[in-house]
Amino acid sequence: MMQERVYFFATCLGGVAFSDTCVNAIKLLRNSGVEVVFKKAQTCCSQPSYNSGYFDESRQIILHNIRLFNQDYPVIVPSGSCTGMMREDYKELFKGRPEYREVRDFCKRVYELSEYLCKVLGVQYEDKGQPLKVTWHSNCHALRTAKTIPYAKQLIRSLCNVELIELENEEECCGFGGTFSIKEPGISEVMVNKKIQDIQSRGVECLISADAGCLMNISGAMQKQNVNIRAYHLYDFLADRIGLQ
């Protein structure tokens, strides 16, 4: 019997490059007895346009999403970056506007998936994998705006056969930053190389993050440098460890 019904917001990168991750995220919810509603007409959270200064266009996107997810269900997002945008930055864009209350009420319903799994569902997972050393990359918006990193780490540490080894400079950006990596490719390359050096120094087999953009940036650079460390999205990793794959 289903315990609760939620909306699932896949994000742009989830739809374009991380569709398997979205499927695994939905499996994790359904594994806990949650009914998942997926709205086909969902679109970008508006963060790229917002970061590029297209505020009016961003407001149009935001109102589309808010009115699409119109039932009073939690909105579950497999990305701390998009969660931060949808939960905090939406309110900033609508301050002093007639739609502010509507936007604010929507923001209260937004959860990053790890946060929902820990805070609301209180999941307890049985680790079915072999012993493994991993490290964790915190994406900037999840760390500073959504503030959901502790929940992701809680899930990793709950796996009895997984050892989480912290990065020395965990809070430093990997150089992706959405449009930043396109506008400042030289600086972005230096930043990701520093991140990879930190990862290599930890003596781990896997890098885990809950942000698709950061993973694309870091894993792409590691492949170019022939670094033999697997980059794993948190929700793929969890689904694998508990036997949902």
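Taking the residues in the range 98-124 that are free of Cβ contacts under 8 Å to residues at least 24 places away in the same chain and basic (Lys, Arg) as candidates, determine which candidate is surrounded by the most Cβ atoms within 10 Å (Cβ to Cβ). Spell out the reasoning first.
First, the residues of the range 98-124 that are free of Cβ contacts under 8 Å to residues at least 24 places away in the same chain: 98, 100-101, 104-105, 107-108, 122.
Checking which are basic (Lys, Arg) leaves us with 101, 104, 108.
Values: ARG101: 10, ARG104: 13, LYS108: 11.
That would be ARG104.
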Item to check | Residues satisfying the stated conditions in the range 125-166, i.e. without any contact (Cβ under 8 Å) to a residue 24 or more places away in the chain, surrounded by fewer than 16 Cβ atoms within 10 Å (Cβ to Cβ) and touching a Leu at 6+ places or on another chain (Cβ under 7 Å) | outcome: ARG157
Checklist entry - Which residues, counting only those in the range 9-55, are open to solvent by 40 Å² or more (accessible area, probe 1.4 Å), over 20 Å from MET86 (Cα atoms) and in contact (Cβ under 8 Å) with a residue 60 or more places away in the chain? => result ALA17, ASP20, LYS27, ASN31
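For the range 1-83, which fully contained helices (runs of 4 or more DSSP H) count at least 1 residues that are modelled with pLDDT of 95 or more? First the steps, then the outcome.
Working: elements: 12-16, 19-31, 47-51, 55-68.
Here the list reads 19-31, 55-68.
What's the total number of residues in the range 224-240 that are out of contact with any helix residue (DSSP H, G or I) (no Cβ under 9 Å at 6 or more places or on another chain) and under 21 Å from LEU132 (Cα atoms)?
Going through the range 224-240, the residues out of contact with any helix residue (DSSP H, G or I) (no Cβ under 9 Å at 6 or more places or on another chain) turn out to be 224, 226.
Of the ones still in play, those that are also under 21 Å from LEU132 (Cα atoms) are 226.
Looking only at that region, the number is 1.
Starting from residues that are of a type in the set (A, V, I, L, M, F, W, C) and under 16 Å from the mean Cα position of the chain (by Cα), keep the ones in the range 81-113 and report whichever is nearest to ILE26 (Cα to Cα). Before the answer, list the steps.
Residues of the range 81-113 of a type in the set (A, V, I, L, M, F, W, C): 82, 85-86, 93-94, 103, 106-107, 110, 113.
Retained after the next criterion (residues that are under 16 Å from the mean Cα position of the chain (by Cα)): 82, 85-86, 110, 113.
Details: CYS82: 17, MET85: 21, MET86: 19, VAL110: 16, LEU113: 10 Å.
Residue satisfying both the conditions and the ranking: LEU113.
The values are calculated or read from the model by the stated rules, or taken from the named source; none is laboratory data. Values in this document were obtained by computation on a predicted structure and should not be read as measured data. All Cβ positions, even for glycine, are placed from backbone atoms using ideal geometry, and neighbour counts span all protein chains on display. In case anyone asks, the SASA skips ligands and DNA or RNA and just uses the protein heavy atoms, side chains included. Shrake-Rupley method; radii C 1.70, N 1.55, O 1.52, S 1.80 Å.
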